[in-house]
Each structure stands twice: as C-alpha cells, then as structure tokens.
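Accompanying notes for the structure given below.
The values are calculated or read from the model by the stated rules, or taken from the named source; none is laboratory data. Keep in mind it's a predicted model, so treat the numbers as computed, not measured. Backbone-built Cβ (ideal geometry, glycine too); neighbour counts: all protein chains shown.
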Amino acid sequence: MFDHEKFDHYPFEKIPLEQDLYLMDEKFLNEYEKMMSHFLSDPQNNDYEPVGYVSFVAARKILANSVELSWYANVSDRFHEVSIILTKENFVRCIGCWQYDEKPIIFVNGDWLNSLYARSFSVFAMVDAIGVKQYLEEDKLTTAMLCSLRDRIDALASEYPSVSFISFADSLLLKSNWSVGAHDNDVTYSYEPELFVKLSAEISTIYQECLGLPTYSVITQGQNSYYDDNLLHISDSKNHISLNSLGIPFAQLMDIEHTARAKIRAKEHSPAEVYMDSQYYNSLYFKFDFEKREQPKASYSTKMVSKDCEYYFNSAATILDNLRTEC
C-alpha cells in the first residue's frame, strides 16, 4: 500500500511537527490510496479527487506513547484551537506527498475520531476577590455581607443554567460544557466563550456592591477528562460535590494565576481584570478592526502542554466593547 515513490511515509515517531496536518478516519485509507496512486501515475491527465473528511491539526510534540496535537475545531467563523492527545494505539499511519503539495494525513482509529467530535469540552473561569486578607484582618466582613453575596450569586446562576457556579472561600469557579459535533452525528457546535467575559464583569459588579471589593478572573477552555459527564456531580448523600474537572484547561487556571501574581509582584506587568489563555482569547469573536494581537500578554508554562503558552490580560470592558456579537 502507498507503494508509489512519490508518497512520503512518516512513522509515528517522525510525524512532522509545527506544520499543517490533517486527521482522517482510517476507513478512507484504501479509497485515498487508490485515488492518489491513480493521480500520481499520470498527474497531467488524471484528476485529483478529494476523499473523505479531514480535520485540521498541527503536531506539537511526540511523546513516548502519544503525540500532542493542536486541533482546530473551528476555522470557518472563529479561530478555535484545542490541545488534544492522540495515543499511539489510535494512530494508523501518516502519509503525505510534498512534491504535489499534499499535506501529511494522519489516519486514525475511527472510533477515536468519532468520539472526539461527539464528546464534551469545557470552558472554565476562576473569579477571585482582591483585598479579602485585609478585610479579614480588620474584621470588615459580616455575615450579612456574605449572605448578600451568596444570594446575588444564586440569582445570577439561575439565569445561566448551562453554567455551574461553585463558591469556595473568596473565590468563584465557573464551568460550562461545549461540543464540536460533525456532519454524521446529532451533536452540534455549541461553543460560546464570550459569555464568560460577560459573567466575569457581572460577578465583579456583584462583589463590589456586596463586599466593596474588586475582582479578577482567569478564563481557559479545552479538553476535559470528564467528557461524558454532567457539569456537576452531587452524591446521593448530598455531601460530596465534584466539578467533574480534570485536564489541561483546569490546570491552566492555576498556572496563569500563579504566573500573573509573580509577574505583578516583579512589576513585569500591571494587574488586570481578566486573564485569558491565548487559545481561549483567540477564539473570541472580535471586531475586525480590533488589534487583538497587540493587546497586553505574557508567557507562562504548564506541565500539561509542552510548548510555551501565553495569556492575555485586559479590562473586561475592553474585551466586551470589541466583540462582534452580543453575548
């Protein structure tokens, strides 16, 4: 198979890095090989005919038993990049043909590819109050203030049933699930990240009115290991709550907050109202004339992603004022 001399064969360990690639279901392997072999036998007279369906990806790092990919879940009306892992057992083969500008195609297990398009992903936000330590030292926080805050968050949460709200200490954790969907399943693309910037601004107002304290927010998105579960798990005994959160975006929340605190202390950048991982930030529906890449940003690292990461930081008003759609 793929015996023509112009085919490029890439073993798993040699999958090309940092360039455009395609993912394709292995069920199209024979059809693709037949079409390309026919085309290559006489390129001047034989037509190139598209086969199957492709997903857009880029390989970032080859690991011992997997490859880290950037999957472009949507490139038609927003730039939506998600970090995913393709295990070696789901890899079938990688074939290209650079002499005819045919990008390498990674053929993969069909069940794995179908699950990628059917599963749920998540958006996370962590909202934290600023100045709580001083309030505690000065005994300024009253039960009435805290109950008022709780009631206002309850009211806000009731308006957004697709978002989970978890309060702990002086922080609030938000989570919403989204899906990609495909032409051959009944799952639809449901990604609406702009909502989380709006919620961050609304929650900031609530904290100001109830406690007199400002807030900052950290927002990320991506793959969640609990991809077939509900937003929350509450045990039958009602005394165990799980946010069903494990994966890259949840880890990035903590890494961005830790890095931003360190950079602010070192005066490398000023404090901001909202900090956004670049994959989340770049997926927002910005106005065409907004210079989104010229906005303040900083680098950070996370154990969950091999390449250097970035976060953007700004005021919520600046982000909301420059979105193309109301959220």
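Please specify each residue of segment 207-261 satisfying the condition of being on the phi > 0 side of the Ramachandran plot and of a type in the set (S, T, N, Q).
Asn244 - this is the single residue of segment 207-261 that is on the phi > 0 side of the Ramachandran plot and of a type in the set (S, T, N, Q).
Return the pairs, sorted by first residue and then second, in which the second residue is outside any helix (DSSP H, G or I), the first residue lies in segment 123-136 and is among the small types (Gly, Ala, Ser), the beta carbons are less than 7 Å apart, and the residues are 6+ apart or on different chains.
Pairs that qualify, where the first residue is among the small types (Gly, Ala, Ser) and the partner is outside any helix (DSSP H, G or I), are Ala125/Leu174; Ala125/Ser217; Ala125/Val218; Ala125/Ile219; Ala129/Asp170; Ala129/Leu213; Ala129/Thr215; Gly131/Leu213.
Quick one: how many residues across segment 1-22 are in a strand (DSSP E or B) and within 12 Å of Arg93 (Cβ to Cβ)?
Summing the residues that are in a strand (DSSP E or B) and within 12 Å of Arg93 (Cβ to Cβ) in segment 1-22 gives 3.
Looking at Ile264, is it under 24 Å from Lys133 (Cβ atoms), assigned to a helix (DSSP H, G or I) and in contact with a Pro (Cβ under 9 Å, 6 or more places away or on another chain)?
Yes.
Hey, could you check segment 58-85 for residues that are in a strand (DSSP E or B) and among the basic types (Lys, Arg) and say which is farthest from Thr188 (Cα to Cα)?
Lys61
Yes or no, residue by residue, for (1) touching a residue at least 24 places away in the same chain (Cβ under 8 Å); (2) acidic (Asp, Glu); (3) touching a strand residue (DSSP E or B) at 6+ places or on another chain (Cβ under 7 Å):
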{"site": "Ile166", "(1), (2), (3)": "yes, no, yes"}
{"site": "Ile234", "(1), (2), (3)": "no, no, yes"}
{"site": "Asn239", "(1), (2), (3)": "no, no, no"}
{"site": "Ser245", "(1), (2), (3)": "yes, no, yes"}
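Out of the residues in segment 212-249 that are in contact with a Gly (Cβ under 9 Å, 6 or more places away or on another chain) and farther than 19 Å from Val180 by Cα, which is surrounded by the most Cβ atoms within 10 Å (Cβ to Cβ)?
This residue is Leu213.
Yes/no matrix, rows are residues, columns are (1) free of Cβ contacts under 8 Å to residues at least 40 places away in the same chain; (2) among the aromatic types (Phe, Trp, Tyr); (3) closer than 24 Å to Leu141 by Cα; (4) in the same structural domain as Glu273 (by TED's automatic domain parsing):
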position	(1), (2), (3), (4)
Val180	no, no, no, yes
Tyr189	no, yes, no, yes
Pro193	no, no, no, yes
Cys210	no, no, yes, yes
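Taking interchain pairs and intrachain pairs at least six residues apart, which have beta carbon atoms under 6 angstrom, with the first residue in segment 1-19 and within 14 Å of Ile105 (Cα to Cα) and without any contact (Cβ under 8 Å) to a residue 24 or more places away in the chain and the second hydroxyl-bearing (Ser, Thr, Tyr) and surrounded by 15 or more Cβ atoms within 10 Å (Cβ to Cβ)?
The qualifying pairs do not exist here.
Which one of the conditions (1) of a type in the set (A, V, I, L, M); (2) within 30 Å of Tyr300 (Cβ to Cβ); (3) surrounded by fewer than 20 Cβ atoms within 10 Å (Cβ to Cβ) does Val197 fail to meet, given that it meets all the rest?
Only one criterion in (1) of a type in the set (A, V, I, L, M); (2) within 30 Å of Tyr300 (Cβ to Cβ); (3) surrounded by fewer than 20 Cβ atoms within 10 Å (Cβ to Cβ) is unmet by Val197, namely (3).
With the requirement that a residue be over 25 Å from Lys61 (Cα atoms), of a type in the set (A, V, I, L, M) and either within 19 Å of the chain's Cα centre (by Cα) or in a loop (DSSP other than H, G, I, E, B) (or both), what does segment 286-327 give you?
Correct list: Ile319, Leu323.
Kindly indicate whether Thr87 is surrounded by fewer than 20 Cβ atoms within 10 Å (Cβ to Cβ), modelled with pLDDT of 95 or more and of a type outside the set (Asp, Glu).
Considered against the rule, which asks whether it is surrounded by fewer than 20 Cβ atoms within 10 Å (Cβ to Cβ), modelled with pLDDT of 95 or more and of a type outside the set (Asp, Glu), Thr87 comes out as yes.
Need at least 2 residues that are over 23 Å from the mean Cα position of the chain (by Cα) and surrounded by fewer than 17 Cβ atoms within 10 Å (Cβ to Cβ) per element, so show me which helices (runs of 4 or more DSSP H) inside segment 90-179 make the cut, counting only ones lying wholly within it.
132-137, 143-159
So that you can scan it fast, the table gives a plain yes or no per residue for (1) under 23 Å from the mean Cα position of the chain (by Cα); (2) polar (S, T, N, Q); (3) not in a strand (DSSP E or B):
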| residue | (1), (2), (3) |
| --- | --- |
| Leu195 | yes, no, yes |
| Ser200 | yes, yes, yes |
| Ile206 | no, no, yes |
| Ser217 | yes, yes, no |
| Tyr226 | yes, no, yes |
| Leu231 | yes, no, yes |
| Asp236 | no, no, yes |
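I'm trying to understand the selection: among the residues of segment 293-320, which are closer than 16 Å to Gln221 by Cβ and touching a strand residue (DSSP E or B) at 6+ places or on another chain (Cβ under 7 Å)?
Scanning segment 293-320 gives Tyr300, Thr302, Val305, Cys309, Glu310, Tyr311, Tyr312, Ile319.
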